[in-house]
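Taken together, the values in this text are just the output of simple stated rules run on the coordinates, not laboratory data. Computed from a predicted model, the values in this text were never measured in an experiment. Here the Cβ positions follow ideal geometry from the backbone for every residue, glycine too, while neighbour counts run over all protein chains shown.
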2 protein chains.
Amino acid sequence: MDPVEIFKALSNKTRLQILQWLKEPELNFPEQAEFGYGNGVCVGQIQKKAGLSQSTVSEYLSLLQKVGLVKAQRVGQWTYYVRDKEAFAALSELIETKI
Amino acid sequence: MDPVEIFKALSNKTRLQILQWLKEPELNFPEQAEFGYGNGVCVGQIQKKAGLSQSTVSEYLSLLQKVGLVKAQRVGQWTYYVRDKEAFAALSELIETKI
DNA sequence: TAGGTATATCGGGAAAAGTCGATATATATT
DNA sequence: AATATATATCGACTTTTCCCGATATACCTA
């Protein structure tokens, strides 16, 4: 858990938006319904909603995963992403107690 | 309160360090003692401890103030900075509830 | 008002981040 | 094996950040 890297990851409007969307997947990614939400939301859905290029969104997601804010899971040809709730709780705690 | 700007301000080792120092001024800025801690810690003390140039530290502090993480107060020729506790509480809250 | 001290602002060069299109890789289907 | 689809990686270009020295401004004191 490197705070500087985490804050860098959060210093971007689109990435922040993605995280907010992932807070309520059913609401924000209705097209994901036919594949279920059990594993998370796949890159394509997120890319479509973000409106940036496929490569950019893929990089953003892997960055968010690298710093631990989301978890990724490959299922078939899809990679599903979910918000990591514990990471946010830990970050919140850190902000009040350490910074 | 613009989250992206706040996170940008926090995305720097030195700025993060300064905020941590300001959490315990008596401990981290003993030389400030002779002027008291009532108003906060002045730029010179912070600059000396950070080891970066005067201009850089001055800019960092005014950036931290712009996004609301610290409060500044001019007293004579000195500008004193203090951590804004409420801002951190609000940020912590935002991280758990909105992001 | 002249000089000293503390802080702020400006201009710039180097490094990092943002973003893209092109291409590579992994998996699924025929 | 060939093709199609989803995702990842690469190379390039533009914008932003980092950090400095030089200079300006504000305030204090003689």
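Distances between copies of A:Thr56, taken at a point 7 Å out from Cα along the Cα→Cβ vector and listed shortest first: 3.1 nm. So if the hydrodynamic radius of chain A is defined as the Kirkwood radius over C-alpha pairs, what does Stokes-Einstein give as its diffusion coefficient at 10 °C and 1.306 mPa s, in µm² per second? This corresponds to a translational diffusion coefficient of 115 µm²/s.
Along each principal axis, taking the top coordinate minus the bottom one, the Cα set of the protein assembly as shown gives 68, 26, 24 Å in descending order. Kindly express, to the nearest 10 degrees and within the range 0 to 90, the angle between helix A:13-23's C-alpha long axis and the longest C-alpha principal axis of chain A. The angle comes out at about 70 degrees.
With label points defined 7 Å past Cα in the direction of Cβ, position A:Gly44 shows copy-to-copy spacings of 6.5 nm, given to one decimal and shortest first.
Shown is the FRET efficiency for B:Lys23 and A:Glu86, computed with R0 = 25 Å from the Cβ-Cβ distance and rounded to the nearest 0.05: 0.55. Inter-part distance, region A:21-99 to region B:27-99, computed on C-alpha centroids, equals 34 Å. Projecting label points 7 angstrom from Cα along Cα→Cβ for A:Leu52 and A:Ala72 puts them 1.4 nm apart.
The DSSP beta bridges internal to region A:3-92 are antiparallel in roughly 100% of cases. Inter-chain Cβ neighbour count for B:3-15, averaged per residue, equals 5 (cutoff 10 Å, partner chain atoms only). Between identical copies, the spacing of B:Glu86 label points, each set 7 Å from Cα toward the C-beta atom, reads 3.5 nm from nearest to farthest. Helix B:54-66 and the longest principal axis of the C-alpha atoms of chain B enclose an angle of approximately 40°. Across peptide A:16-28, the average count of Cβ atoms from other chains found within 10 Å of a residue's Cβ is 1.
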